[in-house]
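See below for the structure under consideration.
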Amino acid sequence: MGSVGILESMQQFPKGFLWGASTSAMQVEGGIENNDWAEAVRQGLAPTIGLACNHYHRYEEDFDSAKSLNHTAHRFSIEWARVEPEEGKFDSAELEHYKNVVKSLRARGMEPFVTVWHFSLPLWFVKSGSFGRKDAPAIFARYAAKVAEVFGDQVTFYMTMNEPLVWLGEHGKILNAAPGFGNPVKALRYFTQLVRAHHAAYVALKAVVPHAKVGVAKHQFSVVATNPLGAVVAHVFRFLWNRHFLNAIRHHQDFIGIQYYQRLFFWQSKKESESAEKSDIGWQLHPSAIYDTLKEASRYGVPLYVTEAGIADRRDQRRAWYIEETIAGIRHAVDEGVDVRGFFYWSLLDNYEFKEGFSMRFGLVHVEHAGSLIRTIRDSARAYAEIITTSRGE
Ligand code: BGC
């Protein structure tokens, strides 16, 4: 479909559909020293984070950019290590900081979507046993409640955690906060603890703010089978990766944050996989297949928000196309009656990308990491802004 066709088909997104971008604290704020990733950097296990985008001090200016790009919502996370630097001791200045972040979004007419925990953890929590601690769900819920107390009625949408399985199998391993999948018995125990932590935080958040809408941000794959054996494997994979966690929390979720980056094939020939178009990070590009993940998640009967989908594209050659195709995939699901209520591109800024450091560029806004941290809005960000205007029928 050419871009005119896509723009036409984008009209009449449901009224109130939210448009925006996502970030996470550790990946953009800078200056965090007391979480597991900062310690991993000190130990030479991960690339330097330093000031990152210095979003901690420049969030007003970054929200001005988002606003100028027609965003009506924004997803960000709270850095747990900042607000609870010691077990049970909360830092009121840091809580105030996040309160101001929310205020500044509201002042721009943007709906805040808050991720309570996005991958990085306070060092004290990791050192004392991470989610392996028996009381971890209660500790996590106490932190979540504190955040909700401070935000009060200014925040409606909370995701307790970001991509629990990606954390469990990958990012949490950086300082052994998570066991990874290599140790299935331990992984299963942590899985159960994460489910409990979500439950506890869900209850705690709603006890403080009864009108809050609480869910998780869940990484989903589009899974395709190319032969009968592949169909069996795809079925099992879909169950284990896409559904198992959501099944476990099904009575404690008011919405689901869908995060989609990749389509998996069981199987694809070496030739097909080698010749497929890929992003800078090496992921195949199948943006409109986000449709599959939305269709699949519609079984849970709660509203869906696409809380992440994005492309690493240093030269900004494919990003506008990627966004258009993603939105076309969402549109396809909406047309079939799936209750999707928003889209948050990953990411607003060129963020710290874990083991890749700042080499992978996901941002709508280019950030010059070599010193100046100068921001430049990319052309694709403007293309997205135009889609938003068209889709709102303005
Ligand atoms: C994560 C982000 C990350 C993005 C791109 C998602 O899985 O939530 O933190 O930057 O993928 O790798």
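Each reported figure results from applying straightforward, stated rules to the coordinates on display, with no laboratory input. All values derive from a computational prediction rather than experimental measurement. With ideal geometry, Cβ positions are generated from the backbone for all residues, glycine too; neighbour counts draw on all protein chains shown.
Among residues of region 180-191 that are under 13 Å from Glu170 (Cα atoms) and free of Cβ contacts under 8 Å to residues at least 40 places away in the same chain, those with a beta-carbon under 8 Å from a residue that is part of a loop (DSSP other than H, G, I, E, B) and not aromatic (Phe, Trp, Tyr) at least six positions away or on a different chain give the pairs Gly180/Glu170; Ala187/Pro179; Ala187/Gly180. Checked against the criterion of being more than 23 Å from Lys173 (Cα to Cα) and among the hydroxyl-bearing types (Ser, Thr, Tyr), the candidates Ser22, Ser77, Ser130, Ser120 yield just one match: Ser22.
Being in a strand (DSSP E or B) and either free of Cβ contacts under 8 Å to residues at least 40 places away in the same chain or within 19 Å of Ala309 (Cα to Cα) (or both) is a property that does not hold for His57. For region 118-133, the criterion of being in a strand (DSSP E or B), touching a helix residue (DSSP H, G or I) at 6+ places or on another chain (Cβ under 9 Å) and away from the ligand (no atom under 16 Å from the Cβ) is met by at least one residue. When Leu95 is tested against (1) surrounded by fewer than 23 Cβ atoms within 10 Å (Cβ to Cβ); (2) in a loop (DSSP other than H, G, I, E, B), only condition (2) is not met. Could we say that Tyr345 is on the phi < 0 side of the Ramachandran plot and within 16 Å of the ligand (Cβ to nearest atom) here? The answer is yes for Tyr345.
Only one of the listed residues (Glu296, Glu277, Glu308, Glu272) is within 16 Å of Val334 (Cα to Cα), among the acidic types (Asp, Glu) and either surrounded by fewer than 16 Cβ atoms within 10 Å (Cβ to Cβ) or in contact with a strand residue (DSSP E or B) (Cβ under 9 Å, 6 or more places away or on another chain) (or both). That residue is Glu296. Pairing residues of region 96-116 that are in contact (Cβ under 8 Å) with a residue 60 or more places away in the chain with residues that are β-branched (Val, Ile, Thr) and surrounded by fewer than 20 Cβ atoms within 10 Å (Cβ to Cβ), at Cβ distances under 7 Å and at least 6 apart in sequence or on separate chains, gives Met110/Thr72; Glu111/Thr72.
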